[in-house]
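Student: Structure incoming, see below.
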Amino acid sequence: MAASTPTSDSNPNIPEYEYNHANSTTFHIDSFRKEWLSRLNPSDYSHRAEDEDAFHAEFAHEMGIGVDTMRALKEICSTDALRCHPEDQQLDPEVVPEDSTLKTLVERKKRQDYKSSLKIAKNRHDAYADAQERLTFMMKPEAVKNLVPEGDVILTINVYYPATFEKFCYVRPHVTLLLLGSQSLTELRDAICCISDLQVYGEFSETPDVAPDFVSKDHYKSAYFFFEGVFYNDMRYPECRDISQTTITWAKDNKFPSYSQAKMEDTKLVDLKVKVGFPYLYCHQGDCEHLVIITDVRLTHKDDCLDRKFYPLLTHKHRVTTQKCAVCYTFIARWYTTGDQFAPTHPCLFCNKCFRMLHYDADGNKLGDFLAYPYVDGGAFN
């Protein structure tokens, strides 16, 4: 964890391990950032490209070598000298020679042969990931209009699936996001995708054509984060309610430590006091609870994505299996039924076409006795 890298004699701004290889002690992110900046030279965190000539001159001075020796070293150690073919012959870097004896090329050849044997075409998810990587990584600061300020911090945040079972069995995060310290908690909240935000509640077996178009996120906008004894409530809209007050009142009545409150939209990530590696809480839709773990806090670097518009930056998203219709096994499920005499299981998933053909006559009248609910497939987030 980058947040626990520096050490200090009981400096409260520098975190140490609270539990070995588990989580750090509590620290203030902005104080930690300022501590880094006070110890580093501006060139260490600058986004500008390093002056190569100045670097070589400084290197020659420190090593005590002359100009001619430095020039010879640059020529010998240049990457242009690392070639296994004539200079006038341009080879495809993706093609590995068959008779190569270099261990890295041998292993690369094995990997290429293995991938070609699978014969799996690149799907749209991989194509999207590749396109996003080309857009975000290794961009030159000169080409960026909305540049990330030098000395800002980047937080790596894992968001897990909601804990809806007695035994929490998800050990891999649903999404991993990179956020800037100058961003607010509402930007983190808006970047978290959850299936419960897209649910349409209600039973529509009598009137399937009038199922509402709105989703839960449009009506139930209240949410909060819980970090180190503070509830950060989303109060951006008139419909928002302080859903943390129930917990605060209960804790007070049961003589638990008192909790405080703040507005999510007024709180930047650098304002937080957190532990790296410690599980925190994100709650929305009343009782849909997600674990949120900050796994890294570090300064920005010139090799990072420097365009602020790409943040929060998605670096990982877990893919889930798409649920198909139980009748045709072709189309994605759009309805699920209970107490259905026409269904092989209870509950049962149907695509829109099979659902209507099986449960309604030509005039749209309901056949049999069943309950029907709109279904949102988890694969929608793939």
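The values are calculated or read from the model by the stated rules, or taken from the named source; none is laboratory data. The model shown is predicted, which means the values in this text are computed figures rather than measured ones. Here the Cβ positions follow ideal geometry from the backbone for every residue, glycine too, while neighbour counts run over all protein chains shown.
Student: Is it the case that some residue within region 321-335 is more than 33 Å from the chain's Cα centre (by Cα) and more than 21 Å from Pro212 (Cβ to Cβ)?
Tutor: yes
Student: Out of curiosity, is Ile157 in contact (Cβ under 8 Å) with a residue 40 or more places away in the chain and within 30 Å of Thr338 (Cα to Cα)?
Tutor: No: the conditions fail for Ile157.
Student: Give all pairs with beta carbons closer than 6 Å in which a residue from region 361-381 that is small (Gly, Ala, Ser) meets a residue that is at pLDDT 90 or above and not in a loop (DSSP other than H, G, I, E, B); count only pairs at least 6 apart in sequence or on separate chains.
Tutor: Pairs that qualify, where the first residue is small (Gly, Ala, Ser) and the partner is at pLDDT 90 or above and not in a loop (DSSP other than H, G, I, E, B), are Ala372/Trp335; Ala372/Thr337.
Student: Would you check which residues across region 312-370 are part of a loop (DSSP other than H, G, I, E, B) and among the polar types (S, T, N, Q) and list them?
Tutor: Thr321, Thr322, Gln323, Thr330, Gln341, Thr345, Asn365
Student: I'm checking my understanding of the structure. Among residues of region 221-243 that are surrounded by 12 or more Cβ atoms within 10 Å (Cβ to Cβ) and without any contact (Cβ under 8 Å) to a residue 24 or more places away in the chain, which one is nearest to Asn13 (Cα to Cα)?
Tutor: For region 221-243, the residue satisfying everything is Asp242.
Student: If you don't mind, there's one more thing I want to ask. Condition first: within 24 Å of Val159 (Cα to Cα) and out of contact with any helix residue (DSSP H, G or I) (no Cβ under 7 Å at 6 or more places or on another chain). Can you find one or more residues in region 200-209 that meet it?
Tutor: Yes, the conditions are met somewhere in region 200-209.
Student: Let me ask something else. Which of the residues belonging to region 247-303 are acidic (Asp, Glu) and either touching a residue at least 12 places away in the same chain (Cβ under 8 Å) or closer than 30 Å to Ser43 by Cα (or both)?
Tutor: Listed by number, the residues that qualify are Glu265, Asp266, Asp271, Glu289, Asp296, Asp303.
Student: If I ask for residues that are closer than 23 Å to Leu147 by Cβ, surrounded by fewer than 11 Cβ atoms within 10 Å (Cβ to Cβ) and at pLDDT 80 or above, which ones from region 39-78 would you list?
Tutor: Residues satisfying the conditions are Asn41, Pro42.
Residue-by-condition table, conditions (1) touching a strand residue (DSSP E or B) at 6+ places or on another chain (Cβ under 6 Å); (2) at pLDDT below 90:
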site	(1), (2)
Lys140	no, yes
Val148	no, yes
Asp152	yes, no
Val159	yes, no
His174	yes, yes
Leu178	yes, no
Ser196	yes, yes
Ser205	yes, yes
Ala211	yes, yes
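Student: Still on this model: For region 268-283, which residues satisfy the criterion of being over 12 Å from Phe226 (Cβ atoms) and buried (at least 18 other Cβ atoms within 10 Å of the Cβ)?
Tutor: Those that are over 12 Å from Phe226 (Cβ atoms) and buried (at least 18 other Cβ atoms within 10 Å of the Cβ): Leu269, Val270, Lys275, Val276, Gly277.
Student: Quick one: would you say Asp113 is modelled with pLDDT under 80 and either assigned to a loop (DSSP other than H, G, I, E, B) or not assigned by TED's automatic domain parsing to the domain that holds Thr300 (or both)?
Tutor: no
Student: Can you list residue pairs whose Cβ atoms sit under 6 Å apart, with the first residue in region 23-46 being in contact (Cβ under 8 Å) with a residue 40 or more places away in the chain and outside the structural domain of Val270 (by TED's automatic domain parsing) and the second being basic (Lys, Arg) and not in a loop (DSSP other than H, G, I, E, B)? Count only pairs 6 or more apart in sequence or on different chains.
Tutor: Thr26/Lys273; His28/Lys273
Student: Residues being within 30 Å of Gln245 (Cα to Cα) and either of a type outside the set (Phe, Trp, Tyr) or touching a Pro at 6+ places or on another chain (Cβ under 6 Å) (or both): count how many of those fall in region 199-230.
Tutor: Number satisfying all stated conditions: 14.
Student: Turning to a different aspect of this structure: Could you check Thr104 against (1) polar (S, T, N, Q); (2) assigned to a loop (DSSP other than H, G, I, E, B); (3) at pLDDT 80 or above and say which number it fails?
Tutor: All conditions are met except number (2).
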